[in-house]
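Contents: one structure, followed by commentary.
Any read-out appearing in this document is the output of simple, stated calculations on the displayed coordinates, not a laboratory observation. Everything numeric in this text was worked out from a predicted model, so none of it was measured. Methodologically, a virtual Cβ is constructed for each residue, glycine included, from the backbone with ideal geometry; neighbour enumeration extends over all protein chains shown.
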Amino acid sequence: MAQYDLIIIGAGPAGMTAAIYGARADMNVLMLDKLAPGGQIINTNEIQNYTGVGTVNGAELAYQMFEHTQEFDTITFDYATVKEVIDNGAEKVVRCEEDDKEFTASSVILATGTRPRCLHVTGEDNFRGNGISWCAICDGAQYRDKDVVVIGGGNSAVEESIFLAGIVKSLTIVTMLDLTADPIACDKLRAMDNVTIYPFQDILEFTGDSHLEGVRFRSTKTGEEKTVSCDGVFEYIGLTPTTDCFQNLGVLNKFGYVEVNDRMTTKVPGIFGAGDCVTKNLRQVITACADGAIAAQEASHYVKNL
Ligand SMILES: Cc1cc2nc3c(=O)[nH]c(=O)nc-3n(C[C@H](O)[C@H](O)[C@H](O)COP(=O)(O)OP(=O)(O)OC[C@H]3O[C@@H](n4cnc5c(N)ncnc54)[C@H](O)[C@@H]3O)c2cc1C
């Protein structure tokens, strides 16, 4: 069994940056991901706030990051779905679902990011993946010249709405509060001719029999109910950490985020966290990369002192 200095679980911006910093610190690095390297940015149309890059397509940035990791002979990438990490002190064992594969390392960085949160209202399960989507880049094109509802009002909701409004006939955005995204993005969305915004609403149900027909919601201010007809819905109502496989390590807080300090260390020596899956306020590409750099640097100090 190969022995690595560092195993990174998750090859999003945090994991890939950690791999580069780890390799530059002379570590032998294994980076694992259950999907293609890139993480959530693969499904993001435009990233406009990553310093020095200007506006870039998410998949293109993901590809550039992965190419960067491939400049190092000491970084190995493997497709694997991690199911458990065992802490045996100086040796950590990473167990994967595929063929019960196991890898060992002196240190591990947990960088598994988040997944979209669901509303759990009537009709959501019926139309999941068939009318209701969580990814405008993946599914937006099938609603060209159709009527679409976006649920949510944060940065992801507003940015993906701007993208969708350029394709669809009408876009209705329904949100629990008012729009809370960056003011520039909100102004851009509000100025689009085919966009209607309903703030301060509770979603009650998704209607339709064999296919999605509409969304019913109620004003939290007046109690008035309304149903908007639509062909598709995109939900952007927040995130849940993808950390179930780390339960046994005892490093998660009550919401499932990996608890770290400002050096990205957890309470288990040799186990570090980075990116969207850790406790923090701002979940963005630039902060994920920063976490990855810090975590790898700390991992390198840890391994050298073993
Ligand atoms: C719609 C949308 C738009 C966004 N727009 C912007 C933007 O404009 N600017 C910006 O800065 N940020 C944006 N973000 C946020 C940004 O994408 C994240 O902050 C960033 O991707 C976090 O990186 P990460 O590496 O921590 O996690 P992720 O990108 O989530 O990567 C985690 C990786 O871990 C893998 N993984 C998970 N579990 C396992 C497992 N058990 N085994 C193996 N692999 C696993 C996943 O497959 C994934 O590849 C956006 C996010 C969304 C959803």
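Using the average count of surrounding beta-carbon atoms within 10 Å as a protection proxy, the listed peptides 132-138, 176-182 rank, highest first, as 132-138, 176-182. For the range 223-306, the direction-averaged projected area of the alpha-carbon convex hull comes to 8.8 nm².
Nearest 10 degrees is fine. How inclined is helix 155-165 to the longest principal axis of the chain, computing both from alpha carbons? Its long axis makes an angle of about 50 degrees. Look at where the Cα atoms of the range 234-306 and of the range 73-111 average out, and the two centres are 16 Å apart. Residues whose amide H falls under 5 Å from that of ASN57, counting only those 5 or more places apart or on a different chain, are ILE47, with hydrogens built in the peptide plane. Near the amide H of ILE173, within less than 5 Å, lie the amide hydrogens of VAL150, THR196, ILE197, TYR198, all on another chain or at least 5 residues away, with H placed in the peptide plane. Per-peptide packing, taken as the mean over residues of other Cβ atoms within 10 Å, places 148-160, 214-226, 74-86, 109-121 in the sequence 148-160, 109-121, 74-86, 214-226 from highest down. Charges were assigned to the Cβ only: +1 to each Lys and Arg, -1 to each Asp and Glu. The resulting dipole of the range 124-235 about its Cα centre is roughly 220 debye.
Across every direction, the projection of the convex hull enclosing the Cα atoms of the range 124-235 has a mean area of 6.3 nm². To the nearest ten degrees, helix 13-24 and the longest principal axis of the Cα atoms of the chain are 20 degrees apart. Rounded to the nearest 10 degrees, the inclination of helix 58-69 to the longest alpha-carbon principal axis of the chain is 0 degrees.
If R0 is 45 Å, what FRET efficiency do you get for ASP78 and SER229 from their C-beta distance, rounded to 0.05? The computed FRET efficiency comes out at 0.45.
Placing pseudo-labels 7 Å out from each Cα toward the beta carbon at GLN70 and THR55 gives an inter-label distance of 2.8 nm. Entry note, the chain: relative contact order of 22 percent, from Cα contacts under 8 Å with a spacing of 6+ residues. Highest average first, the peptides 101-108, 202-209, 34-41 ordered by how many other beta carbon atoms sit within 10 Å of their residues are 101-108, 34-41, 202-209. For the chain, the number of Lys pairs with C-alpha atoms closer than 17 Å, counting only pairs eight or more positions apart or on separate chains, is 11.
Given N residues in the range 81-128, what is its alpha carbon radius of gyration divided by 2.2 N^0.38 Å?
On the way: Rg = 16.7 Å, N = 48, 2.2 N^0.38 = 9.6 Å.
With N residues counted in the range 81-128, Rg over 2.2 N^0.38 Å equals 1.75.
Percent of Cα-Cα pairs more than 16 Å apart in the range 8-91, please. Tail of P(r) above 16 Å: 55 percent of Cα pairs.
Helical runs (DSSP H, four residues minimum) scored at -39500 (n - 2.57) apiece and divided by the length of the chain put the mean residue ellipticity at 222 nm at -7000 deg cm²/dmol.
Given a cut-off of under 8 Å on Cα pairs at least six residues apart, what relative contact order in percent is computed for the range 124-235? After rounding, I find 30 percent.
Shape analysis of the chain yields a ratio of the Cα radius of gyration to the Kirkwood radius, Rg/Rh, of 1.03.
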